[in-house]
Amino acid sequence: MDAWSRLADTFLNWGYIAEVLPTMFSYGLLNTIVLALSSGLIGTFLGILLALMGISRNPVARWIARIYTDIFRGLPAVLLILVIGLGFGPLLKELTGIRSPYPLGILALSLMAAAYIGEIFRSGIQSVDKGQLEASRALGFGYGPSMRMIVVPQGIRRVLPALMNQFIALIKESSLVFTLGLMSRERELFQIGQDFAANNGNQSPLVAAAIFYLVLTIPLTHLVNYIDNRLRTGKEQKHEPDEAAAVIGKGAHA
């Protein structure tokens, strides 16, 4: 029983959780959302470019996309964040005077997300039936307009659930930015919990951070399932009564 009591006191001390909640609400939650959204948007833009390069007729473009994807998908996320954050930190300070590693954290997450999102887009585009491209070419569209207006939109629609899953992963991976030593008001949920845990010798603040992550990710997970189900089954069709059948029915009852 003592072991269970110690475990509960270590991870479920409500006094420490209540102490850390205001800080997490005031700026920790916002910083986590900003990190995930910013890197998600930049990563999506870069991912589309990588996907188009990956299916390009130009072999150089395909090789560049392939090498980029292999590197940024093959290295651990924390290593990429450290290399970009600490490696380019002095350069950023010299060029702009910015001392905060926050922009470099967003850059690292964006470059990493682009590699995964690019593969998602590429697989979605290549899953579109070739007949779609051939039909648009037969109608007089060039290769570029056919891809832009016919093939790519269909491919993006097919990979929406996978894109949402990648955004959920970004929310969790934003916790790794703490390795860059963010300034006090730039700390995200995990670093706030870690700092409180280190100061108090108790892990309950980390449990508070975990609850925030669950509040962010669980609704998105159910949204992914909803989108996936809707794309597979389509919208429900409302069956309107057949006017001809209605007329015949009236005649039969006359």
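The values are calculated or read from the model by the stated rules, or taken from the named source; none is laboratory data. Everything numeric in this text was worked out from a predicted model, so none of it was measured. Heads up, the Cβs are rebuilt from the backbone with ideal geometry, glycines too, and the neighbour counts pull from every protein chain shown. Just so you know, the surface numbers come from the protein's heavy atoms only, side chains and all, with ligands and any DNA or RNA stripped out. Shrake-Rupley method; radii C 1.70, N 1.55, O 1.52, S 1.80 Å.
Output the relative contact order of the chain, whole-number percent, from Cα pairs under 8 angstrom with separation of 6+ residues.
29 percent
Where the only charges are on Cβ atoms (+1 Lys, Arg; -1 Asp, Glu), what is the dipole of the range 1-132 about its Cα centre, to the nearest 20 debye?
640 debye
Please report, in cubic angstrom per residue, the volume enclosed by the convex hull of the alpha-carbon atoms of the chain.
Cα-based convex hull of the chain, divided per residue, equals 244 Å³.
Mind checking the alpha-carbon convex hull of the range 72-205 and giving the volume per residue in Å³?
That works out to 145 Å³ per residue.
Considering the range 1-88, what Rg and Dmax in Å follow from its alpha-carbon atoms?
Final numbers for Rg and Dmax: 21.5, 68 Å.
Under a 1.4 angstrom probe, counting protein chains only, how are ARG187, ARG66, ARG99 ranked by accessible area, largest first?
These residues rank, largest area first, as ARG99, ARG66, ARG187.
Just the accessible area for TYR116, please: 1.4 Å probe, Å², rounded to the nearest 10?
Taking all protein chains as shown, TYR116 has close to 70 Å².
Within the chain, which whole H helices from DSSP have a Cα span along their axis of at least 18 Å and a mean Kyte-Doolittle hydropathy of 0.5 or more, if any?
Helices passing the filter in the chain: 29-54, 102-126, 160-173, 204-233.
Placing one identical point scatterer on every Cα of the range 146-239 and ignoring solvent, what is log10 I(q)/I(0) from the Debye formula at q = 0.14, 0.18, 0.20 Å⁻¹?
So the normalised log intensities work out to -0.69, -0.88, -0.98.
How high is the FRET efficiency from SER127 to PHE88, r the C-beta distance, R0 45 Å, rounded to 0.05?
Rounded to the nearest 0.05, the efficiency is 0.80.
Label LEU79 and ASN200 with points 7 Å out from Cα along Cα→Cβ: what is the distance between them in nm?
Reported label-point gap for LEU79 and ASN200 is 3.6 nm.
Can you tell me the length gained on complete extension of the stretch LYS172 to ALA61, counting 0.36 nm per residue apart and subtracting the Cα distance?
36.8 nm
What FRET efficiency, computed as 1/(1 + (r/R0)^6) with R0 = 30 Å and r the Cβ-Cβ distance, is obtained for ILE71 and MET183, rounded to the nearest 0.05?
0.50
In percent, how large is the relative contact order of the range 113-191, given Cα pairs closer than 8 Å and 6 or more residues apart?
Across the range 113-191, relative contact order equals 33 percent.
Estimate the FRET efficiency between ILE211 and ASP2 by the formula 1/(1 + (r/R0)^6), using the beta-carbon distance for r and 35 Å for R0, to the nearest 0.05.
FRET efficiency, ILE211 to ASP2: 0.85.
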